[in-house]
Each structure stands twice: as C-alpha cells, then as structure tokens.
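The values are calculated or read from the model by the stated rules, or taken from the named source; none is laboratory data. Computed from a predicted model, the values in this text were never measured in an experiment. Here Cβ is always computed from backbone atoms with ideal geometry, including for glycine, and neighbour counts include all displayed protein chains. The accessibility values were calculated without ligands, DNA or RNA, using every heavy atom of the protein model including side chains. Shrake-Rupley method; radii C 1.70, N 1.55, O 1.52, S 1.80 Å.
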Amino acid sequence: MSNYQENIKYLIQRPKTPVIKPPMHRSMFNSSIRREFKLNKGCHQTMGYAEVKVNEPSEFLKKKSRKVIRPFVENTKTSIKNPVQCSCYPNKPSSTKKNSRNFLRENIVDVVRKVPPLPKHRVQDSRDGHTIVLDESGLEPLYVLKKRYSFQLE
C-alpha cells in the first residue's frame with residue numbers, strides 16, 4: 001500500500017470513463033405476454049374464489065385425529081397350483097421328470113477325493129515377515145534336475 005500512495009502517477013486525478021453497458025435484452029414476445037396477463041387478471045370474477053371451510057384456531061390437527069378410510073381389497077388367491085394343468089397354457093409341455101442327482105453328495109465325494117496342494121517353496125527375507133515364493137520369482141533353478149540338462153562327469 002505504501003507504493004500506491006507514493007507513486008506520482010496517482011497524484012494527478014483522471015476523469016472516470018463512463019461504463020457503456022450493452023442494451024438490455026427485450027423478448028420479442030413481451031407484448032403478447034403483457035396482453036395475456038391483463039386478460040387473465042379477472043379470472044375469479046365470474047365464479048369467485050373457492051369456498052373452503054376454515055377451521056377454528058382451537059381445532060388444529062392433532063396426532064391420529066384424522067381417520068383415513070382406505071379402500072377394501074380382498075385377498076384373492078388362485079386355486080390353480082400347477083399351471084401346466086390349466087387350460088390357459090395349452091401348448092406348454094408337462095415337466096414331470098425330476099432330477100435324481102444328489103449334488104450335495106457329489107460335492108462331498110469330490111472334496112474327499114481331491115489331492116491337497118503341495119506347499120510352495122518360500123524364503124523369508126526380512127524380520128517383518130516378508131516372504132518371497134521361489135518358484136514364481138525365478139530364484140530357484142528349474143532345469144537342473146532334468147535329464148536333458150544334466151552334466152555328466154567322465
């Protein structure tokens with residue numbers, strides 16, 4: 001702020017230039033809207049305002065004071081249990097075959113017969129317990145034990 005007061009160019013007062021605003025937007029439908037507003041101004045003159053009975057101030061609404069009458073609906077249940085026998089489905093084939101497979105028993109047998117997976121060769125490389133799987137990391141030699149790559153001493 002001190003530079004603002006000490007600068008010489010601010011000592012000479014300049015006249016303020018007037019701000020030129022663009023003309024205000026006027027709708028092309030302005031006259032028709034005004035005419036419609038004047039026509040609808042007296043719309044309550046023939047019938048008047050709706051006459052609604054106003055409650056007394058002492059008769060304010062209280063909890064559970066108003067009874068709401070709901071329409072009665074009968075619970076109708078269809079007596080048709082099998083839609084195949086109904087005449088409304090004439091072309092539908094009857095499915096009387098039942099699946100005789102016992103999926104629970106098959107799953108139990110599969111789990112019992114399954115061979116458990118072999119443990120992975122891992123190495124712990126830090127005191128915090130970080131481990132490396134040797135097979136996936138490439139640190140364990142894979143081709144040493146194969147017969148094609150075996151080294152024979154003679």
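Some notes on this structure:
- Model label points for Val109 and His121, set 7 angstrom from Cα along the Cα-to-Cβ axis, are 3.8 nm apart.
- Once all protein chains are placed together, Leu11 keeps about 130 Å² accessible to a 1.4 angstrom probe.
- Ranked from largest to smallest solvent-accessible area, with a 1.4 Å probe on the protein heavy atoms, Tyr10, Tyr143 come out as Tyr143, Tyr10.
- The heavy atoms of Glu6 offer some 140 square angstrom of accessible surface to a 1.4 angstrom probe.
- If the segment from Leu61 to Thr131 were pulled out straight at 0.36 nm per residue, it would be longer than the present Cα-Cα gap by 18.0 nm.
- Taking amide H positions as modeled 1.01 Å from N, with prolines and chain starts lacking one, the residues under 5 Å from Arg122 and 5 or more places away or on another chain are Leu134.
- Taking all protein chains together and rolling a 1.4 Å probe, Asp135 ends up with roughly 70 Å² accessible.
- With θ taken as phi - 60° and the Karplus curve 6.51 cos²θ - 1.76 cosθ + 1.60 applied, the whole-hertz 3J(HN,Hα) list for region 113-122 is 7, 5, 7, x, x, 6, x, 7, 7, 10 Hz, x standing for glycine and proline.
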